[in-house]
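Readers should treat all values here as calculations from the given coordinates under stated rules, not as data from a laboratory. Quick caveat: nothing in here was measured; it's all calculated off a predicted structure. Cβ sites come from the backbone with ideal geometry, for glycine too, and all protein chains shown count toward neighbours.
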Amino acid sequence: MKAASRCFGVYACCHVVLCVLQCFYGGFQSVGSLVVIAVAAALVWDNGLLALGDMLFPDAAKAHATFSRLAAWSQPRFYAHAFLTPLLAVQTTRLGARAGVSWLQEGSIIPTMVFVAALCLSVLGTLHHARSPSLVLRESHPKEPRNSWMRSIVSATLADKSSATLAWMILPAVLVCLWTCVVGASMARMYCELRSADLGFNPLAGPMGDVAGRWLWVCALVELLSNAGPPWVTALSGNAGEVVLLAGFVAAERELTSQGFMP
């Protein structure tokens, strides 16, 4: 197995662990937790297929039947990305509300607005892919170095390279990361202000949400930065960023659960 395949295999294993941990800490009672579980499971498939593509479909470039099988196995990756990515904002909102962020509490219209916006992006993104689902074999970028690890990866990619398709692939993920940074920073700031204010606040006497907040905003920022670079680099670093982002959600869930915050 080549170096890039091993990397994607490690990512897949990480997502298996994160999926199990989210089931344990978050359970199945909330939409947000279910979304994280579904995203982790989808990323197991995504990274697993990238890791095993050269073994399962070695002649995809020459045999049409082999590529057709690769394309059929790859379609769930793109539908899952389109449908599930925007819905991660729902979990971000839920975690912020659990931690006590005032503008996310019951009675605020913001959680409802986030849910509706995320659902609309989810449905529209899925419909956009359904309108142009054609896939082609991934080819090396013209500027990709000859020793690039990604040259050994056999995978399918979107045939439609229009700016609209690129926007639907990238924009929802960027918005989720930005929203997660905002909510996570708000959680951390709120508890820092309580510590510094003369309100008789004892950080050892009750649960704290600042650690959970830092997990959220730092991991979301890492995911954003991991996609900065040439495509043959971000193919690897971006998937590593997805591991970090999901780990941030799971760690924040664990922190709030272990410290007694209400679900």
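Structure above, values below:
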| read-out | value |
| --- | --- |
| Under 19 Å from the Cα of Lys2 - aspartates and glutamates, other chains or at least 8 residues apart | Asp46, Asp54, Asp59, Glu139, Glu144 |
| Lysines whose Cα lies under 26 Å from that of Lys161, excluding same-chain neighbours fewer than 8 positions away | Lys62, Lys143 |
| Relative contact order of the chain, defined on C-alpha pairs under 8 angstrom at six or more residues apart (%) | 23 |
| By average C-beta atoms within 10 angstrom, highest first, the peptides 176-185, 123-132, 137-146, 28-37 | 176-185, 28-37, 123-132, 137-146 |
| Sorted peptide list for 80-89, 232-241, 109-118, criterion being average Cβ within 10 angstrom, highest first | 80-89, 232-241, 109-118 |
| Cα-based shape type of segment 103-149, given that a ≥ b ≥ c are square roots of the gyration tensor eigenvalues and the cut on a/c is 1.5 | oblate |
| Thr234 versus Leu119: modelled label distance in nm, points set 7 Å from Cα along the beta carbon direction | 3.1 |
| GNM flexibility winner over the chain from Leu50, Leu224, Leu171 (Cα, springs under 10 Å) | Leu171 |
